[in-house]
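Structure provided below as structure tokens; questions to follow.
The values are calculated or read from the model by the stated rules, or taken from the named source; none is laboratory data. Predicted, not measured: the structure shown is a model, and the values here were computed from it. Neighbour counts are summed over all protein chains in view; Cβ atoms, including those assigned to glycine, are modelled from backbone coordinates with ideal geometry.
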Amino acid sequence: MNNKTNRHTNSNKAWNRRGANKQTAYHIESIPLQKRFLIVCEGETEADYFNAFPVVSAQVEAVAKGRSRTALVEVARKMSAKYPEHEIWVVFDLDFYVDATNQSNYDCRDDFDEAVFLADAYQITVAYSNDAFELWFLLHFEHCNAAVLRQYFYERLSEIWKNDLRGKSYDSDKAGGKTAFFRQHNYYRLLPQQRKAIQRAKKLHEQHQLKHHLPSMQNPCTTVYQLVEALNQYLKR
């Protein structure tokens with residue numbers, strides 16, 4: 001048999017063509033980046049939650065800075081100047097408390113309002129919560145229309161997530177809801193009820209807006225739903 005003819009015939013075989021077309025067969029079309037989000041958060045619970053969003057046509061970087069509210073806005077302003085191509089958000093809560101001696105951090109109300117207005121002046125979008133970010137978590141499971149403080153959210157989430165927490169308290173950083181492992185799974189833990197949470201949060205916010213309440217007087221209220229809706233535009237479908 002003529003070897004030249006044999007080589008020509010084999011070149012048309014499927015097993016021989018596969019190697020030649022390897023690049024085409026395994027080519028994956030890249031998705032163009034449409035948006036870059038930089039989310040400046042008060043704490044790690046918030047940062048871990050937003051970093052878990054499975055966006056494909058956007059870049060999300062949420063960082064925990066642990067500052068007071070107005071200081072956090074100033075950090076966001078400096079970062080917006082450094083990263084002008086990013087959409088900047090700042091995430092913080094009121095965190096009002098009264099201790100056992102009846103002392104409170106009442107001044108936090110002024111700082112809270114000032115931070116919201118300062119961010120608006122800097123054209124930075126705020127996702128604020130009154131009283132705590134965990135209000136956003138709780139709204140996935142139930143409506144809340146009474147003015148309460150963060151300890152209430154901790155107690156309710158401890159009950160709701162008692163199986164996941166294995167008897168630990170939500171606000172515990174030792175095998176509880178504040179551990180890195182637990183925080184990093186909150187997005188998927190909450191995802192099935194997210195649409196309901198958006199509806200409830202939006203309703204609360206609109207009610208306070210109609211009454212022209214200052215942000216510090218909007219309890220309960222969270223605008224986190226606005227950031228969630230913004231990120232949802234870039235999820236994998």
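Among residues belonging to the stretch 47-92 that are of a type in the set (Lys, Arg) and over 16 Å from the mean Cα position of the chain (by Cα), point out the one that is nearest to Val116 (Cα to Cα).
Top of the filtered list is Arg69.
Enumerate the pairs (first residue in the stretch 82-101 and farther than 15 Å from Gly66 by Cα; second residue anywhere and assigned to a loop (DSSP other than H, G, I, E, B) and modelled with pLDDT of 95 or more) with beta-carbon separation below 6 Å, excluding pairs fewer than 6 apart on the same chain, so at least 6 apart or on different chains.
Correct list of pairs: Ile88/Ile124.
Among (1) surrounded by 17 or more Cβ atoms within 10 Å (Cβ to Cβ); (2) among the β-branched types (Val, Ile, Thr); (3) farther than 20 Å from Glu42 by Cα, which single condition is Val126 missing?
Unmet condition: (3).
One line per residue, one yes/no per condition, for (1) of a type in the set (Gly, Ala, Ser); (2) at pLDDT below 95; (3) outside any helix (DSSP H, G or I):
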position	(1), (2), (3)
Ala127	yes, no, yes
Phe137	no, no, no
Phe141	no, no, yes
Arg156	no, no, no
Tyr187	no, no, no
Leu190	no, no, no
Ala230	yes, no, no
Arg237	no, yes, yes
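Under 8 Å between Cβ atoms, at least 6 apart or on separate chains: pull out the pairs that start in the stretch 209-225 with a residue that is within 18 Å of Val148 (Cα to Cα) and in contact (Cβ under 8 Å) with a residue 60 or more places away in the chain and end on any residue that is assigned to a helix (DSSP H, G or I) and aromatic (Phe, Trp, Tyr).
Every condition considered, the pairs that remain are Pro215/Phe112; Ser216/Phe112; Thr222/Trp136; Val224/Trp136.
Filter the stretch 28-57 down to residues that are closer than 23 Å to Ser129 by Cβ and among the aliphatic types (A, V, I, L, M) and give me whichever is surrounded by the most Cβ atoms within 10 Å (Cβ to Cβ).
Applying the filter and picking the extreme gives Val40.
Look through Ala132, Ala119 and report the one residue that is in contact (Cβ under 8 Å) with a residue 24 or more places away in the chain, touching a Phe, Trp or Tyr at 6+ places or on another chain (Cβ under 7 Å), buried (at least 23 other Cβ atoms within 10 Å of the Cβ) and within 24 Å of Val90 (Cβ to Cβ).
Going through Ala132, Ala119 in turn, just one is in contact (Cβ under 8 Å) with a residue 24 or more places away in the chain, touching a Phe, Trp or Tyr at 6+ places or on another chain (Cβ under 7 Å), buried (at least 23 other Cβ atoms within 10 Å of the Cβ) and within 24 Å of Val90 (Cβ to Cβ): Ala132.
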